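Participant: Have a look at the structure that comes next, please.
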Amino acid sequence: SSSSSTQNSAVPELPGFYYDPEKNRYFRLLSGHNNYNPLTKESIQYKAMECRRLRLLEEEEQQKRKTARAGLNSSTLLQKRQLGLLSSRSYCRLVHELKVNCMQRRKIEIHSPDSSVTGTNNFKIIVADVACERIFTVNDVEHGGCKYGIINLSGLGKESLTVEMYDNLYFTNRKVLEKSEFSLTHSSKLCLMGIAETPGCASLLPASLFSSTNPGDRPGMLCSFKISTAWSCAWCLNPQADNSFSTGLTRRVLVTNVVTGHRQTFGTSSDVLAQQFATQTPVLYNGCRSGEIFSIDVRQRNRKGQSWKAIRLFHDSAVTSIRLLEAEHYLMAADMAGKIKLWDLRTAKCVKQYKGHHNEYALLPLHVNEEEGLLTAVGQDCYTRIWSLQDTCLLRTIPSPHPSSKDAIPSVVFSSRLGGRRGVPGLLMAVKQDLYHFSYN
């Protein structure tokens, strides 16, 4: 490998030309595509990425994967556990790590009461409810807009992977903002809708809207609030402000009480791209385009000349996603430079960094599973990466089953109990109109 790299580095670079080491010749680069010589930098990069994706898919099918740590296997773990060298928590975490590396992809068959619409629309976003018994879906429609639906995951435990999808129960002619935040609870769902050309709106949809009952009996929206220039939203689960939600706007934060309609505005110096409420206290965390992360106690009133930012953290690039860990002493944040950092909120210092994530401009979410000790994120390059929460080790990189493109970035859900308490562990991946299950082996 050293001789080949030396040989490639010895080849002089010519402006406007590309050297192909396989054919041992130069090719002219063009600014765009044409019918005679469609060789451009973009096509070269895409060809290299596609070759790498196909190679990784072939390796997965041939089961050539290795564990992320040398010498780590189930028998060694069990022996160390019996000798008392591993705590119960460490043993469970390492078992999940082993299982993640052995997950195998299987395509899920989707059944719907309306067979005419099954599989005809691309998945845009999937989000699991708190019990992982079902997932909330947003699908694009051909004539513009989006439709919402619910997929029941009870069929994942069977040999034939089938799920029931109740879609087209509510339709909006507005495009859902790409990779927007959704707060999915037992009783309701907060959805952010809107497109850049028209004012957006935040809509609270009742859970009964997504059921298998007669479509003629379905209720309407619980409430809808017209909000312009919205980038993100979050629902508060703290009892002191459990009727409130927040929307991140251009240079301000808007907190709305859905019962009284009262609104409270907090001005910011940058657009708010990511938000999450704490559950133990009514505190809202915000990630901005400027790279700043700050918190707001929504119990206080916003007064001019008064400082209301409690905690302030800083990234070097726009913050695209934030996730509070369970104890709410730590916060995970990702930015548009592809950096993922774990912050200690008590000291306001970065304590860990997770390397390998790829992002340049997209609003891509983070998925934290503390019980399994895993962090999952999908990059702009359409690769799904899984890290160990404890030591930041990159455990696995999963290529997309579809060719990489801006409109084919996978949306994923991971849980050790997909389908409920007796559900099966694994990863759900929605790409285009297909749904895949990466199950523990």
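Participant: Could you put ARG81, ARG69, ARG89, ARG385 in order of accessible surface area, largest first, with the 1.4 Å probe and the full protein assembly present?
Facilitator: Details: ARG81 95, ARG69 55, ARG89 195, ARG385 20 Å².
Heavy-atom accessible area, descending, gives ARG89, ARG81, ARG69, ARG385.
Participant: Would you please give the residues with an amide H less than 5 Å from that of ASN359, counting only those at least 5 places away or on a separate chain, with H modeled from the backbone geometry?
Facilitator: Amide H to amide H, under 5 Å and 5 or more residues apart or across chains, ASN359 pairs with GLY338, GLN380.
Participant: Based on the Cβ-Cβ distance of ARG252 and GLN63, what FRET efficiency does E = 1/(1 + (r/R0)^6) give at R0 = 35 Å, to the nearest 0.05?
Facilitator: On the way: r = 52 Å, r/R0 = 1.48.
It comes to 0.10.
Participant: With every protein chain left in place and a probe of 1.4 Å, what is the accessible surface of PHE123, to the nearest 10 Å²?
Facilitator: Approximately 20 Å² of PHE123 is accessible to the 1.4 Å probe.
Participant: Still on this model: If each residue of separation counts as 0.36 nm, what is the full-extension length gain between ARG346 and ASP297 once their alpha-carbon separation is subtracted? Walk me through the numbers on the way to the answer.
Facilitator: Numbers: separation 49, 0.36 × 49 = 17.64 nm, distance 1.59 nm.
Separation in residues times 0.36 nm, less the Cα-Cα distance, equals 16.1 nm.
Participant: While we're looking at this one, here's another question. Can you give the FRET efficiency for LEU54 and ARG89, using 1/(1 + (r/R0)^6), R0 = 41 Å, r = Cβ-Cβ distance, to the nearest 0.05? Present the calculation step by step, with values, prior to reporting the outcome.
Facilitator: Values: r = 39 Å, r/R0 = 0.94.
My answer for the efficiency is 0.60.
Participant: Taking the Cβ-Cβ separation of ASN369 and ASN243 as r and a Förster radius of 25 Å, what is the calculated FRET efficiency to the nearest 0.05?
Facilitator: On the way: r = 29 Å, r/R0 = 1.15.
Approximately 0.30, to the nearest 0.05.
Participant: Distance check, please: which entries in LYS124/LYS339; LYS309/LYS355; LYS99/LYS124; LYS23/LYS66; LYS124/LYS349 exceed 31 angstrom between their Cα atoms?
Facilitator: Beyond 31 Å: LYS23/LYS66; LYS124/LYS349.
Participant: At a probe size of 1.4 Å, how large is the accessible area of TYR166, to the nearest 10 Å²?
Facilitator: Answer for TYR166: close to 40 Å² accessible.
Participant: If GLU13, GLU60, GLU360 are ordered by their accessible area, calculated over protein heavy atoms with a 1.4 Å probe, which sequence runs from highest to lowest? All intermediate terms of the calculation are to be shown ahead of the outcome.
Facilitator: On the way: GLU13 175, GLU60 25, GLU360 115 Å².
Largest accessible area first, the residues go GLU13, GLU360, GLU60.
The values are calculated or read from the model by the stated rules, or taken from the named source; none is laboratory data. On a predicted model such as this, the values are computed, not experimentally measured, just so you know. We place every Cβ from the backbone using ideal geometry, glycine too, and count neighbours over all the protein chains shown. Remember, those area values only see protein heavy atoms, side chains included, never the ligands or the DNA or RNA. Shrake-Rupley method; radii C 1.70, N 1.55, O 1.52, S 1.80 Å.
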